[in-house]
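This report concerns only the one structure given below.
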Amino acid sequence: MPKASSTSAPRHVLVTGGAGFIGSHVVDALLGQGRAVTAIDNFDPFYDAGVKRQNLASAAGHPGFRLIEGDVRDAAALAALPDDIDAVVHLAALAGVRPSIARPVEYVDVNVRGTQVLLEWARVRRIPQFVFASSSSVYGVDPDVPWRESDVGLRPISPYAATKVSGELLGHSYSHLSGLRFIALRFFTVYGPRQRPDLAIHRFATLMRRGEPIPVYGDPAATRRDYTYIDDVVSGVVASVDYRASDYEVINLGNASPVSLRELLDALESALHVEGRIEPLPPQPGDVPQTWADVSKAGRLLGYSPSTPLAVGLERFARWLDTHEEASSGAIRQR
């Protein structure tokens, strides 16, 4: 098939998982650039659907925005999408390392089959641009840090991580065979306003404010993460929508400045003006001891330059939490 190509910036972007944490911020950023955005989200009950709907409050009244409630595995839902979509940002997925260990078959079905169904839809529609949300978890326990996209021999240690490697490889095959431009973005521990309530920073903050113990798995001084503020990640996602220099790329989007869990907890205490109480627990299967992104490739290809120090990002998150405390304290469905 001839290569599907476009020399102009995409004007109508499909964002899957558009009501989620990262997705809703991407929707806002694209609308802010004057583009039309269609979001598709199945409002999976992993956490309160009302929180997700609130994420889209600023987009809901925008004339260029449309929300479709549906599943990316549903070919009928995809067939109903507008004809003029010219780029995809695929963020929809079952998330989380630990839940994937308990539900591996479901994770493969949603994350791998769902990605393949969407890629096939994009091929048939001749969509020229496909941006895929991958994860730093694909690197597994590789001790050679910082992690670079050129690292070979990836050995993911959870079903979730394995589904993200699978998505990258599916994208490569589609790019090679159909000319679809496929950009895989490996996110490194994204945090900030609207963060999912199950993610570490949000959960820690909620427990701190309640005066409840914080479960810490493993040594908090030895566990190090590359925490990346949402605005920095979104800048990389939006730049990827316009990327044209090659047909297939894998790109890290991180902060390139890892800190220990102990340092994170200290900074969070400072931002929230409370003290936390740690409950030490054994390390969990699937957890990795460190993450650290080399973002030089993102800088070269996307002009990506993370600029939000952890203390600043946590202060912004704390201010958001002050106005969303009731919604954010909703129970996550345990399954």
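Given the criterion modelled with pLDDT under 95, within 24 Å of LYS297 (Cα to Cα) and charged (D, E, K, R), identify the matching residue among ARG181, ARG186, ARG224.
ARG224
Is it the case that the stretch 96-112 has a residue that's in contact (Cβ under 8 Å) with a residue 24 or more places away in the chain, under 30 Å from ALA245 (Cβ atoms) and open to solvent by 70 Å² or more (accessible area, probe 1.4 Å)?
For the stretch 96-112, residues in contact (Cβ under 8 Å) with a residue 24 or more places away in the chain, under 30 Å from ALA245 (Cβ atoms) and open to solvent by 70 Å² or more (accessible area, probe 1.4 Å): absent.
Could you grab me the full set of residues in the stretch 148-168 that are within 18 Å of the chain's Cα centre (by Cα) and more than 21 Å from PRO285 (Cα to Cα)?
GLU149, GLY167, GLU168
I'd like to know if the stretch 47-60 contains one or more residues that are open to solvent by less than 40 Å² (accessible area, probe 1.4 Å) and basic (Lys, Arg).
Within the stretch 47-60, one or more residues are open to solvent by less than 40 Å² (accessible area, probe 1.4 Å) and basic (Lys, Arg).
Regarding the stretch 145-155, can at least one residue be identified that is farther than 20 Å from GLN290 by Cα and in a loop (DSSP other than H, G, I, E, B)?
No, the stretch 145-155 has no match at all.
Among the residues that make up the stretch 205-219, is at least one of them among the hydroxyl-bearing types (Ser, Thr, Tyr), over 25 Å from GLY167 (Cα atoms) and open to solvent by 40 Å² or more (accessible area, probe 1.4 Å)?
Yes, some residue in the stretch 205-219 is among the hydroxyl-bearing types (Ser, Thr, Tyr), over 25 Å from GLY167 (Cα atoms) and open to solvent by 40 Å² or more (accessible area, probe 1.4 Å).
Name the residue, out of VAL295, VAL288, that is surrounded by 15 or more Cβ atoms within 10 Å (Cβ to Cβ) and under 30 Å from ALA102 (Cα atoms). Spell out how you get there, then give the answer.
Values: VAL295 fails: under 30 Å from ALA102 (Cα atoms).
Result: VAL288 is the single residue among VAL295, VAL288 that is surrounded by 15 or more Cβ atoms within 10 Å (Cβ to Cβ) and under 30 Å from ALA102 (Cα atoms).
Just for strands (runs of 3 or more DSSP E) wholly inside the stretch 203-289: which have at least 3 residues that are basic (Lys, Arg)?
Counting at least 3 such residues, we get no strands (runs of 3 or more DSSP E) at all.
The values are calculated or read from the model by the stated rules, or taken from the named source; none is laboratory data. Not measured: the values here are computed from a predicted model. A quick note on method: Cβ atoms are made from the backbone with ideal geometry, for glycine too, and the neighbour counts reach across all protein chains shown. Ligands, DNA and RNA are stripped out before the accessible areas are found, and what is left, the full protein with its side chains, is counted by its heavy atoms. Shrake-Rupley method; radii C 1.70, N 1.55, O 1.52, S 1.80 Å.
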